[in-house]
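Engineer: Quick one: the structure is below, questions incoming.
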Amino acid sequence: MSGGSGGEGRIISRYGAEALLELDNGEIVRAVSRKKLRDLVCGDRVLWEKSGDDHVITRILPRRNSLTRSYFRGTPRTIAANIDQIVIISAPLPKPDWSMVDHLFVTAAVMEVEAILLHHKADLPCPDDIAQIYRDYRDIGYTVLDTSTEQPETLAPLRRHLRGKTNILVGQSGMGKSSLTNLLIPDAGILTRELSETTGFGQHTTSNARLYHLPEGGDLIDSPGIRDFTPPPIPPAEVQKGFREIAATARDCRFHNCLHLREPNCAVKKAVAEGKILQRRYQAYLDLLQEMEAARS
Ligand SMILES: Nc1nc2c(ncn2[C@@H]2O[C@H](COP(=O)(O)OP(=O)(O)OP(=O)(O)O)[C@@H](O)[C@H]2O)c(=O)[nH]1
Ligand SMILES: [Mg+2]
Ligand SMILES: [Zn+2]
C-alpha cells in the first residue's frame, strides 16, 4: 500500500532528522521526520505521507515499550522501541561490566520482555572468575548461551532463541554485536570494530541502532556500544523484580513490603548470610535501590 500518498511503516534506523523507513510492502526508503518527532527511534511504527518525492514521517504510533538509558545523569536516551527480547552480550574481552548486565536484566523485567545473556567469544580462554559468574547467572535461572563467530555451530541455539521475536543486541563496545549480526543476517555487511585499537574507540564502532530481518523470522537490532546503563526510574518496591532470586525468596519475608534492608525476619538477608543468594547480587540490588531513591528525591 506504498504507492499512494501515505501509510504505515516501521523505522529501521534513524540518523538525525532522517530515517530509514520500511513501508508495509517491504520497500526501504529514506524519509525525513517532522521536527517535533525528536524521539523517533529504531523499531517505531509510524505514519508517513508523500510530499513531492519525499517520504515524510508525520506521527509515531503508540509504543508497546521502549528501551531507554540515561546517557548522562538526567538525559534519558531511547535506543529502540517495540522489542520482545533483550540479548545482553558479554565476553571475556573487553573486561565485562557485570553491573551493566544486572541493570539490563532489571530493565527487561520492568519492561516485561525476555532477556538472555550471551557468553560471546567463547573461542577465547575464559578466566575462572568470569566462568564462575556465567555459572552464577545460570544457577539463578537466567539463560546463558555460549557463542562465537569463530565457531558457527554455536549460533544454532541462539537462532532458536531469536526466532519470531524482535530482539535487540545490547552491551559494551567491542563485545561483538555487529560481528554476530553479520553472521545472523546474511546480507547485513556491517563493518566491525577492530579490537586491537587500544584507544577504545574503534574505527567501525556502531553509531546508530539498526533493525534487520532474521531469515528464520523475527528481527535483530544491532545497537551502539554503551559504557554504562541505568534502568529507567523504578519504584523502590519494584527494584527486586529485576533480581529473580531475590524476588523468589522475598515471598518468605515477614513483611510483604520488605525491602530487605533492616526489616526483621527477612528471608532475603537470611539467604545472603547462608550463601544462597550471592553477596554480589544482593549488593547490586542495594546499590540500585539507593540509586532509584536518590533519583526520586
Ligand atoms: N575471538 C573472537 N573475536 C570476536 C568474536 N566476535 C567478535 N569478535 C571481535 O571483536 C571485535 C569487536 O567486534 P564488533 O562486532 O565490532 O563489536 P561491537 O559490539 O559491534 O562494537 P561497537 O559497535 O563498538 O559497540 C572485532 O575485532 C571482532 O573481530 C568472537 O566470537 N570471537
Ligand atoms: Mg557494532
Ligand atoms: Zn526481606
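Engineer: Out of the stretch 144-160, which residues are among the polar types (S, T, N, Q) and surrounded by 14 or more Cβ atoms within 10 Å (Cβ to Cβ)?
Structural biologist: Residues satisfying the conditions are 147, 148, 149, 154.
Engineer: Next question. Would you confirm, using the coordinates I've provided, whether residue 214 is within 28 Å of residue 245 (Cβ to Cβ) and at pLDDT 95 or above?
Structural biologist: Against the criterion (within 28 Å of residue 245 (Cβ to Cβ) and at pLDDT 95 or above), residue 214 does not qualify.
Engineer: Related question: Sort through 165, 177 and tell me the only one that's away from ligand 1 (no atom under 16 Å from the Cβ), in the same structural domain as residue 110 (by TED's automatic domain parsing) and touching a strand residue (DSSP E or B) at 6+ places or on another chain (Cβ under 6 Å).
Structural biologist: 165
Engineer: Quick check on the stretch 65-99: of everything there that is charged (D, E, K, R) and surrounded by 15 or more Cβ atoms within 10 Å (Cβ to Cβ), which residue is modelled with the lowest pLDDT?
Structural biologist: 69
Engineer: What pairs can you find where one residue is in the stretch 258-269 and on the phi < 0 side of the Ramachandran plot, the other is away from ligand 1 (no atom under 16 Å from the Cβ) and not in a loop (DSSP other than H, G, I, E, B), and their Cβ atoms are less than 6 Å apart, with a gap of 6+ or different chains?
Structural biologist: That search, which allows pairs on different chains as well, returns 267/249; 267/252; 268/246; 268/249; 268/250.
Engineer: Scan the stretch 248-297 residue by residue and report those that are surrounded by fewer than 16 Cβ atoms within 10 Å (Cβ to Cβ), in a helix (DSSP H, G or I) and hydrophobic (A, V, I, L, M, F, W, C).
Structural biologist: 273, 286, 294, 295
Engineer: Of the conditions (1) more than 20 Å from residue 220 (Cα to Cα); (2) among the small types (Gly, Ala, Ser); (3) within 22 Å of the chain's Cα centre (by Cα); (4) surrounded by 13 or more Cβ atoms within 10 Å (Cβ to Cβ), residue 16 clears all except one; give me its number.
Structural biologist: Tallying (1) more than 20 Å from residue 220 (Cα to Cα); (2) among the small types (Gly, Ala, Ser); (3) within 22 Å of the chain's Cα centre (by Cα); (4) surrounded by 13 or more Cβ atoms within 10 Å (Cβ to Cβ), residue 16 fails exactly one: (4).
Engineer: So the check is Cβ under 7 Å with 6+ separation or different chains; which pairs have a first residue in the stretch 273-286 that's within 19 Å of residue 141 (Cα to Cα) and a second one that's part of a loop (DSSP other than H, G, I, E, B)?
Structural biologist: As it stands, the answer is 281/243; 285/243, since those pairs meet every condition given.
Engineer: May I pose another question? Do we find that residue 134 is surrounded by 16 or more Cβ atoms within 10 Å (Cβ to Cβ), in a helix (DSSP H, G or I) and of a type outside the set (A, V, I, L, M, F, W, C) in this structure?
Structural biologist: Considered against the rule, which asks whether it is surrounded by 16 or more Cβ atoms within 10 Å (Cβ to Cβ), in a helix (DSSP H, G or I) and of a type outside the set (A, V, I, L, M, F, W, C), residue 134 comes out as yes.
The values are calculated or read from the model by the stated rules, or taken from the named source; none is laboratory data. These figures come from a predicted structure and were not determined experimentally. Using ideal geometry, Cβ is built from the backbone for each residue, glycine included, and neighbour counts are taken over all protein chains shown.
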